[in-house]
């Protein structure tokens with residue numbers, strides 16, 4: 001699955017609100033060994049909301065079921081899709097750990 005990447009595909013995503021993951025590594029050991037910020041991760045969305053709970057979960061709700069499925073999530077009544085935040089404070093998504101994230105709006109290109 002080819003997901004849009006933060007700082008690479010910003011101009012090509014559908015308009016809307018996205019969670020942008022960045023400063024990513026495979027694990028804490030790799031992060032400690034390297035002296036760089038890591039890789040940029042996916043732009044996840046478009047979302048109707050993004051909510052963090054006790055710095056332990058990032059809860060997502062997508063605009064459409066089709067959008068959710070692109071990221072391996074689902075929609076449904078009261079569906080809260082989650083990204084876990086591990087004990088190092090990193091968001092875990094598809095085998096990567098991201099030390100930073102932002103919520104960004106990408107407006108219509110018209």
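Where a number appears in this text, it was derived from the coordinates with a stated rule and is not lab data. Just so it is clear, the structure is predicted and the values come from calculations on it, not from any experiment.
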Sort all Cα-Cα distances of the chain into consecutive 5 angstrom bins from zero, then give the percent of pairs in each bin up to the one containing the longest distance. 2, 12, 22, 24, 21, 11, 5, 2, 0
The Kirkwood hydrodynamic radius of segment 20-63, taken as the inverse of the mean 1/r over all distinct Cα pairs, in Å, comes to 12.2 Å
Let me make sure I get this right: for segment 32-95, a, b and c are the square roots of the gyration tensor eigenvalues over alpha carbons, sorted descending. Under 1.5 in a/c it's rounded, otherwise prolate if a/b > b/c, else oblate. Which is it? prolate
When the convex hull of its Cα atoms is projected in every direction, mean area for segment 70-110 (nm²): 4.7 nm²
